[in-house]
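The values are calculated or read from the model by the stated rules, or taken from the named source; none is laboratory data. Only a predicted model underlies this, so the values are computations on that prediction, with no experimental measurement involved. Cβ: placed from backbone, ideal geometry, glycine included. Neighbour counts: every protein chain shown.
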């Protein structure tokens, strides 16, 4: 399972690891998947969800690079190889009816990747085979300047 501790200066390398790991795992017959390769990132405000997603977009050659879709809820990007990425930020959702009104099935039809921040707002409606990750800031006895730079990304399981 994937469990990484990293600094913000290592986020590009972590993005590569995450995308390659998810693509390999979701490509296996034991992980049911319909639609795009799907990743959810759960974590508190400021834990680095959008920073990691931006690095994943950089690795895939998205232009422009992903930004936070908090106010628009969903943004799409094209990768360097012509694939589509759908990036959703569900922070502002008030209820699951708002999620269903977005018609995700239509939005992700033909997409290569789906990235969702704040998935707990609509967890029952995440696609089968989505890889769920938790991202958090690390705490411990290190100097506070170091702590603000450290993140922990842990794989939590697959959506069924």
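A few remarks follow.
- Looking at the stretch 1-108, the strands (runs of 3 or more DSSP E) lying wholly inside it that each contain 3 or more residues that are in contact with a strand residue (DSSP E or B) (Cβ under 9 Å, 6 or more places away or on another chain) and closer than 17 Å to residue 155 by Cβ sit at 3-7, 37-42.
- Yes/no for residue 104 being within 20 Å of residue 53 (Cβ to Cβ) and at pLDDT below 80: yes
- Pair list, Cβ under 6 Å, 6 or more apart: the stretch 132-160 residue over 17 Å from residue 48 (Cβ atoms), other residue in a strand (DSSP E or B) and at pLDDT 55 or above: 157/132
- Of the residues screened, residue 139 is not one that is at pLDDT below 80, under 22 Å from residue 158 (Cα atoms), surrounded by fewer than 17 Cβ atoms within 10 Å (Cβ to Cβ) and touching a helix residue (DSSP H, G or I) at 6+ places or on another chain (Cβ under 7 Å).
- For the stretch 61-73, a tally of residues being surrounded by 17 or more Cβ atoms within 10 Å (Cβ to Cβ), under 21 Å from residue 22 (Cα atoms) and either modelled with pLDDT under 90 or touching a helix residue (DSSP H, G or I) at 6+ places or on another chain (Cβ under 7 Å) (or both) returns 1.
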